[in-house]
Amino acid sequence: TLPHGVVSLGDHEGHARGVLDANAWAYFAGGAADEITLRANQAAWSDLKLHPRILRRVAGGHTRVPLLGRTLTHPILLAPVAYQRMAHPDGEMATACAASAQEAGLVLSTQASLPLETIADAVRDDVGRGPLWFQLYLQHDRGFNLELIRRAEAAGYEALVLTVDAPCNGARDRERQAGFRLPPGISAVNLSRLPPLPETALQPGQSALFDGLLRHAPTWDDIAWLLAQTRLPVLLKGIMDEDDALEAARLRVGGLIVSNHGGRTLDTLPPTAEVLPAIVDAVGNSLPVLVDGGIRRGTDVLKAMALGARAVLIGRPYIYGLANAGALGVAHVIRLLRDELEIAMALSGCTTLDRIPPRLLRR
Ligand code: FNR
């Protein structure tokens, strides 16, 4: 059951802190280095002030948005988050069922702790569910990448989300301070057949990162390769620069996700709310731009839409719901955010999300 007195996403976070052990808390809640970006993400949405008009007719309003050939009931998707069985024994299965019941889109992580087929099979035929996408981390083995893509296609995933901002982990101080380790029995099961990284003996003066892992890091050439391998739309996640956005648009990707990985990769990146307008401006109407990072309130969702986002993703908040009450907790988090979004729209004279008056966010 839901914990008593939990009525907001912040309440879920506060409660989850007492539910998760120190190991899991460091992993889920932490960000990179000094966590400047982690904090800035949330602050940037709060700092934007709303300037609504009064006495406007809002009856008949709704939160529907078009996205990649579908109409979403509301613009909230669940961002890919790895190893969810560390938050709750039901893991990604609970998340997927809750997303489906709340008509929210779901992006399953490459590093999910349950098989991608198991998750897709559970929700594929649900009436009214939101889109089901698979997040891809390209691995060092092309054959394996292709196999993973074919598995996602065969299972019924409707788009691929290629994460481009994490060729290596950030400096995760909090995890190291907590001595973070994956608990026994939890692993990235969808990568179990990945051949090991070929050993390269480092010469004196060589770097384990540059001369090891990063030899296999994806580049723009791999985007072209990926687009040629699949008919599914490919979204790039982790876009923070308008020239990168233009390059992606030129290659005809299906969409962009403005994201700094929830402040977990490069610290002191700007908050996503700050860079979103320039990226929307750069690509115009050529492709949908989504955003994540620090979205905790319905007003944050409304502000993101006012800045030109087509939809938003949330990460940590639903993990806290999952830790607190399994599928019910995840569903509660989505429902709370949906309700807050409707309230924010009603109180600011917005009937639909495609025609938010620009002056709502005048500075
Ligand atoms: C993530 N994120 C992430 N992104 C991705 O593309 N693949 C992944 O496997 C993960 N794993 C992951 C684990 C954890 C614990 C967190 C917190 C985040 C990033 C995620 O998709 C999203 O960009 C951020 O979480 C959004 O920020 P908020 O909503 O958490 O502030």
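The values are calculated or read from the model by the stated rules, or taken from the named source; none is laboratory data. Being a predicted model, the structure only gives us computed values, none of them experimental. In this analysis, Cβ positions are derived from the backbone assuming ideal geometry, glycine residues included, and neighbour counts consider all displayed protein chains.
Here are a few things to note about the model shown:
- Residues located in region 154-169, provided they are small (Gly, Ala, Ser), out of contact with any Phe, Trp or Tyr (no Cβ under 6 Å at 6 or more places or on another chain) and either more than 11 Å from the ligand (Cβ to nearest atom) or at positive phi (or both): Ala154, Ala155, Gly156
- Pairs linking a residue in region 105-122 that is under 17 Å from Gln139 (Cβ atoms) and within 13 Å of the ligand (Cβ to nearest atom) to a residue that is assigned to a strand (DSSP E or B) and among the aliphatic types (A, V, I, L, M), with Cβ atoms under 7 Å and 6 or more positions apart or on different chains, are Thr110/Leu136; Leu116/Leu108.
- In region 235-275, the residues that are in contact with a Ser or Thr (Cβ under 8 Å, 6 or more places away or on another chain) and either assigned to a loop (DSSP other than H, G, I, E, B) or charged (D, E, K, R) (or both): Lys237, Met240, Ser259, Asn260, Leu266, Asp267, Thr268, Leu269, Pro270, Pro271
- Selection within region 170-218: residues that are of a type in the set (Gly, Ala, Ser) and surrounded by 12 or more Cβ atoms within 10 Å (Cβ to Cβ). The member of this set that is farthest from the ligand (Cβ to nearest atom) is Gly212.
- Ile257, sole failed condition from (1) buried (at least 23 other Cβ atoms within 10 Å of the Cβ); (2) away from the ligand (no atom under 16 Å from the Cβ): (2)
- Residue within region 199-214 that is over 23 Å from the mean Cα position of the chain (by Cα), assigned to a helix (DSSP H, G or I) and modelled with pLDDT under 95 present: yes
- Subset of region 51-102 (residues that are away from the ligand (no atom under 14 Å from the Cβ) and on the phi > 0 side of the Ramachandran plot): Leu55, Gly60, Leu68, Gly69
- Which listed residue, of Ala96, Ala101, Ala43, is more than 17 Å from the chain's Cα centre (by Cα) and within 22 Å of Arg335 (Cα to Cα): Ala101
- Exactly one residue among Leu232, Leu226 is in contact (Cβ under 8 Å) with a residue 60 or more places away in the chain, of a type in the set (A, V, I, L, M, F, W, C) and outside any helix (DSSP H, G or I), and that residue is Leu232.
- In region 134-153, the residues that are hydroxyl-bearing (Ser, Thr, Tyr) reach residues that are in a strand (DSSP E or B) and surrounded by 15 or more Cβ atoms within 10 Å (Cβ to Cβ) with C-beta atoms within less than 7 angstrom, at least six apart or across chains, in these pairs: Tyr137/Thr163.
- In the condition set (1) away from the ligand (no atom under 16 Å from the Cβ); (2) under 25 Å from Gly315 (Cβ atoms); (3) outside any loop (DSSP other than H, G, I, E, B), Asp221 is compliant with all but (2).
- Residue tally, condition surrounded by fewer than 20 Cβ atoms within 10 Å (Cβ to Cβ) and either over 17 Å from Glu103 (Cβ atoms) or touching a Gly at 6+ places or on another chain (Cβ under 9 Å) (or both), over region 333-343: 4
- Taking region 276-298 as the range and being surrounded by fewer than 24 Cβ atoms within 10 Å (Cβ to Cβ) and in a loop (DSSP other than H, G, I, E, B) as the test, the residues that pass are Gly284, Asn285, Ser286, Leu287, Pro288, Arg296, Arg297.
- Scanning region 5-48 for residues that are in a loop (DSSP other than H, G, I, E, B), in contact (Cβ under 8 Å) with a residue 40 or more places away in the chain, more than 10 Å from the ligand (Cβ to nearest atom) and not aliphatic (A, V, I, L, M) yields Ser8, Asp34, Glu35.
- In summary, strands (runs of 3 or more DSSP E) completely within region 67-161 and bearing 1 or more residues that are crowded, with 22+ Cβ neighbours inside 10 Å occur at 76-78, 105-108, 132-136.
- Just one of the listed residues (Arg296, Arg362) is within 16 Å of the ligand (Cβ to nearest atom), out of contact with any Lys or Arg (no Cβ under 8 Å at 6 or more places or on another chain) and either without any contact (Cβ under 8 Å) to a residue 40 or more places away in the chain or charged (D, E, K, R) (or both), namely Arg296.
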